[in-house]
Every structure is written in C-alpha cells, then in structure tokens.
Amino acid sequence: MFARRQGTVFNSARKVLISQPCLTKNMHSKPRLEGKVAVVTASTEGIGFAIAKKLAQDGAKVVISSRKEENVLSAEAELKKHGLDITGTVCHVGKAEVRKKLLDIAVQKYGGLDILVSNAAVNPFFGRALDCPEEMWDKIFDINVKTAFLLFKECAPLMEERGGGSAIFISSIGGFQPIPFLGPYSVSKTALLGLTKCLATEAAGDNIRVNCVAPGLIKTKFASALTENESIADKALENIPMNRFGEPDDIGGIVSFLASDEAAYITGENIVVAGGTQSRL
C-alpha cells in the first residue's frame, strides 16, 4: 500500500513537471556566464586551455594568454573554430607592463573584467628542497605567488567598476601534502591557499569573491614526468580512489561554477579536485 502511494505521488509530481515545459526550459536557457568577461593566464594548453574553453562555452568572453606567440595563435584558432568568443595575447605574467596590456585588452575589447583565473606557474627545479638553488626558489615564488597577488591587485579595481567579480587561483594538491621532489613548487602552492583566505576576507566588501582550486595529478605536459613514467604512475594511482589521473576538462567545470552567480555565497574556499586523493595540511 505504501509503495503504491509513493508511486502515485511520484507520478503526480512527474505529470506536473511535464505539463510545465516552459519552466524547465527557462531554467536552462541562459548560459551561466553570459555577459561576463574573463582573463585566464597560461591558457593555451593543459588546464588553462580547458578552463578558458569551458568559461567561453558557458557564455563568457575570454582573454587567453601565453609567453609564446605561436601557442597563443594556435589556441585562439582552435577555440574560435568552435564559435567561442576568444581573444589571445602574448603575456609574461612576471612583467608589470605586460600584465597591464593583458588587462587593457579585456577592457578595450570587451568593456571590463569580471573573472580572473590565475593559472600561470613555473617549476624549474626537481629534487630535494634543500638542494634548491636560491635563484630557482625566487623564480618559483615570484611567478607562482607574487604574480598571482599582483594580478589580483590589478584586477580588483576593474571588478569593482562592474559591481563585483570572481577570482580563482589554481593551486595543487601538493599545496596540502608536498609532492616528493617538488618541495619548493608545493610550498608555493601552499602559499596560494593562504593568499586565497586573506584576499577573500579583504575583498568581500567589494563583492569580489576569491577561491582556489587544487588539482590532483592531471594528465598535462606539466605533469608528464609523473603520469607517463609507468613505475611512478602505478605508484601514484594507488593513492587515487578513482584509479585514474585527471583530465584538464575535470578542472574547467569547477572553475566555471566558482566564477558564476551559482557560487555567489562561496568565497575563501580551497577546493581539491583529485579523484578522492586525501589532502592533508
């Protein structure tokens, strides 16, 4: 009897939903990022490219960038081929005048800036942290941490002009638990977790949200030394409950969500996207 009643209630609810097709259609008719303008650094391949593609697919106008012109032209052509509203430019994020040009393009071509995705990072050193030369330590922190902060600082006034915005830093699961032989890089990513908390608190009053995404092992050129070496890969997969490495597209969706109004009450968060790998800090 109870089962029959449940079925009756379910079928009645189903009829109501079916009889209101316009409601269902309208709920999904507007792309989540329609009218938004985004800048994504280091976005011509790998995770950055996947993020830029997803933001554009969800309605944003996106400025992509890379240090190499040929990479910019190739990525721009690929994304435009799919009808996406993309503009590419050469950008070395460590240079103030070049960062300014990057943001100027967003303002001049698209009228402003709503979304920053700080994805640029370097790792010139592989080995024991105590063996890392000072100049390499400085380079890692200059690009991975200092530049991320400066980019946000330069973007914040533009977001304020639009009534608010969203910034997403791309960290790493190594920021929670240092990856062997990638100690300095991992520590720089830990710094982004703290930077996110700090800036989120200070920018909340200006309606600017700041969040951080920490990918696990993603199949990119950047991580190929870990994912394409059979013995290392097999060992790494033992710690991933989903038993696979991530794909760049696995990161694009969460970034798009955090950039959208659907995440309007989310700020100061560090979100791990790592197939169930346990993070510790």
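A simple spin-label model places pseudo-atoms 7 Å from Cα toward Cβ; at Asn229 and Ser29 they are separated by 5.5 nm.
Which whole-number percentage describes the relative contact order of the stretch 164-281, with Cα contacts under 8 Å and a sequence gap of 6 or more? RCO, the stretch 164-281: 35 percent. With everything on Cα atoms, drop me the angle between helix 249-259 and the longest principal axis of the chain, reported from 0 to 90° to the nearest 10. With both axes taken from Cα atoms, the answer is about 80 degrees.
Taking a threshold of 22 Å on the Cα-Cα distance, which of the pairs Lys101/Lys189; Lys61/Lys101; Lys30/Lys197; Lys139/Lys189; Lys53/Lys81; Lys109/Lys189 fall above it? Before the final figure, lay out each step's value.
Working: Lys101/Lys189 26 Å; Lys61/Lys101 17 Å; Lys30/Lys197 31 Å; Lys139/Lys189 13 Å; Lys53/Lys81 11 Å; Lys109/Lys189 32 Å.
Those over the limit are Lys101/Lys189; Lys30/Lys197; Lys109/Lys189.
With a Förster radius of 51 Å applied to the C-beta separation of Lys146 and His82, the computed FRET efficiency comes to 0.90. Among Ile232, Ile51, Ile140, the residue with the largest mean-square fluctuation in a Gaussian network model of the chain, with springs joining Cα atoms closer than 10 Å, is Ile232.
For the chain, leaving out every one of the GluC sites (Glu not before Pro) that falls in a DSSP loop and has at most 12 other Cβ atoms within 10 Å, the longest unbroken run is 35-227.
Put in order of Cβ neighbour count within 10 Å, fewest first, the listed residues Met242, Met159, Met136 become Met242, Met136, Met159. For the chain, the longest principal axis of the alpha carbon atoms and the long axis of helix 46-57 meet at an angle near 40°.
Let me check against my output: what whole-number percent is the relative contact order of the stretch 33-273, with C-alpha pairs under 8 Å and at least 6 apart?
Values: 463 pairs, mean separation 49.4, N = 241.
For the stretch 33-273, the relative contact order is 20 percent.
Legend: Rg and Dmax of the stretch 33-273, from Cα coordinates, 17.1, 52 Å. Considering the stretch 213-281, its Cα convex hull presents a mean projected area of 5.3 nm².
Spatially, the stretch 124-191 and the stretch 206-281 are offset by 15 Å when compared through their Cα centroids. With angles folded into 0 to 90 degrees, how steeply does helix 96-110 sit against the dominant principal axis of the chain? Use alpha carbons for both and round to 10. Compared with the principal axis, the helix lies near 30 degrees.
Computed over the chain, the per-residue total of -39500 (n - 2.57) for DSSP H runs of n ≥ 4 gives a 222 nm mean residue ellipticity of -14500 deg cm²/dmol, rounded to 500.
Fully extending the segment from Lys101 to Asp249 would add 50.5 nm, taking 0.36 nm per residue of separation and subtracting the current Cα-Cα distance.
Readers should treat all values here as calculations from the given coordinates under stated rules, not as data from a laboratory. What you see is a predicted model; the values in this text were computed from it and never measured. Cβ sites come from the backbone with ideal geometry, for glycine too, and all protein chains shown count toward neighbours.
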